[in-house]
Amino acid sequence: MSGKIAIVTGGGTGIGKAIAGALVADGYRVALFGRRETVLAAAAREIDPSGEASMTVSVDIGDARAVEQGFDAVVARWGRLDLLVNNAGMNAPSVPLEEVAPEAWDQIVAANLSGAFFCTQAAFRRFKAQSPRGGRIINNGSISATTPRPQSAPYAATKHAITGLTKASSLDGRAFDIAVGQIDIGNATSDMTEAMSSGVLQADGSVAPEPTIDVAHIARAVLHMASLPLDANVLTMTVMANRMPFVGRG
């Protein structure tokens, strides 16, 4: 049992809830961050019926001040922080690039990129100040961090940027025993991928169904990354359905 302290953003549903559940099962105490307190509370009851190993923090991660307050609450309760999983994110409607509204662009950048950056800043501050110092950050990059889908410019742009954030923060964290890595996730079964069974737009303009994988596989991969000592790091990992149209020409 690890006995470590973790924060999982977007922890109330889908991949985030699966990761939080795997961490609790491994002995972590886990803070679930998200916007909707009722959703977070339901997830916490499911993964931690005793309520002893989890807490919920309702926070808009696009608000830097709110992020700091959320991290303060975790440290106030449990004394330190060992792991941050930057999982929270949102997608945009599939529309031609020129039809993306400025408001939609701003919303996606705030959720997918600014939120991850603000949480990374908050984690760095606490990792550097605590004793023993250091900790780990795992970013949810998505396969869109390297290969976009059609009509997904806002999402793909933010996920490409997450790769830059991962590399830059990994470099900046070395001297302080901070390890930063990224997991690029394919089609994991969640609310965001429900439509894939009926068909999604492909690069050649066709619409085709795509296979998905159980979120439990993602959770186990994150757990492996988190289990490494701080002098070792998985910088990038891709986990995907084996038949997903990604490698080669699909």
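Determine which single condition Leu230 fails, assuming it passes every other condition in (1) farther than 30 Å from Pro132 by Cβ; (2) touching a strand residue (DSSP E or B) at 6+ places or on another chain (Cβ under 8 Å); (3) touching a residue at least 12 places away in the same chain (Cβ under 8 Å).
Tallying (1) farther than 30 Å from Pro132 by Cβ; (2) touching a strand residue (DSSP E or B) at 6+ places or on another chain (Cβ under 8 Å); (3) touching a residue at least 12 places away in the same chain (Cβ under 8 Å), Leu230 fails exactly one: (1).
Scan the stretch 4-15 for residues that are in contact with a Ser or Thr (Cβ under 7 Å, 6 or more places away or on another chain) and surrounded by 24 or more Cβ atoms within 10 Å (Cβ to Cβ) and report the count.
1
Of (1) under 19 Å from Arg136 (Cα atoms); (2) in contact with a strand residue (DSSP E or B) (Cβ under 7 Å, 6 or more places away or on another chain), Arg77 satisfies all except one. Which?
(1)
Let me confirm something: among Ala203, Ala216, Ala188, which residue is within 30 Å of Ile5 (Cβ to Cβ), at pLDDT below 90 and out of contact with any Leu (no Cβ under 9 Å at 6 or more places or on another chain)? Give the derivation first.
Working: Ala203 fails: within 30 Å of Ile5 (Cβ to Cβ); Ala216 fails: at pLDDT below 90.
The conditions single out Ala188.
Which of the residues belonging to the stretch 16-32 are over 13 Å from Leu83 (Cα atoms) and buried (at least 20 other Cβ atoms within 10 Å of the Cβ)?
The answer is Gly16, Lys17, Ala18, Gly21, Ala22.
Taking the stretch 136-152 as the search range and keeping residues that are touching a Leu at 6+ places or on another chain (Cβ under 6 Å) and modelled with pLDDT of 95 or more, which one is surrounded by the fewest Cβ atoms within 10 Å (Cβ to Cβ)?
First, pick out the residues of the stretch 136-152 that are touching a Leu at 6+ places or on another chain (Cβ under 6 Å): 136-137, 150.
Cutting the leftovers down to modelled with pLDDT of 95 or more gives us 136-137.
On the way: Arg136: 27, Ile137: 25.
Applying the filter and picking the extreme gives Ile137.
Scanning for something among the small types (Gly, Ala, Ser) and surrounded by fewer than 16 Cβ atoms within 10 Å (Cβ to Cβ), does the stretch 43-52 turn up at least one residue?
Looking for residues that are among the small types (Gly, Ala, Ser) and surrounded by fewer than 16 Cβ atoms within 10 Å (Cβ to Cβ), one finds at least one in the stretch 43-52, hence yes.
If you take the residues in the stretch 196-220 that are in a helix (DSSP H, G or I) and in contact with an Asp or Glu (Cβ under 9 Å, 6 or more places away or on another chain), which one is nearest to Asn91 (Cα to Cα)?
Met196
When you scan the stretch 20-127 for helices (runs of 4 or more DSSP H) that lie fully inside it, which ones turn up with 1 or more residues that are in contact (Cβ under 8 Å) with a residue 60 or more places away in the chain and either more than 28 Å from Thr163 (Cβ to Cβ) or of a type in the set (Ser, Thr, Tyr) (or both)? Lay out the reasoning, then the answer.
On the way: elements: 37-47, 64-78, 102-109.
Ranges flagged: 64-78.
Can you tell me how many residues within the stretch 153-192 are surrounded by fewer than 17 Cβ atoms within 10 Å (Cβ to Cβ) and either assigned to a strand (DSSP E or B) or not small (Gly, Ala, Ser) (or both)?
Matching residues across the stretch 153-192 total 8.
The values are calculated or read from the model by the stated rules, or taken from the named source; none is laboratory data. Treat the numbers as computed from the prediction; the structure is a model and nothing was measured. A quick note on method: Cβ atoms are made from the backbone with ideal geometry, for glycine too, and the neighbour counts reach across all protein chains shown.
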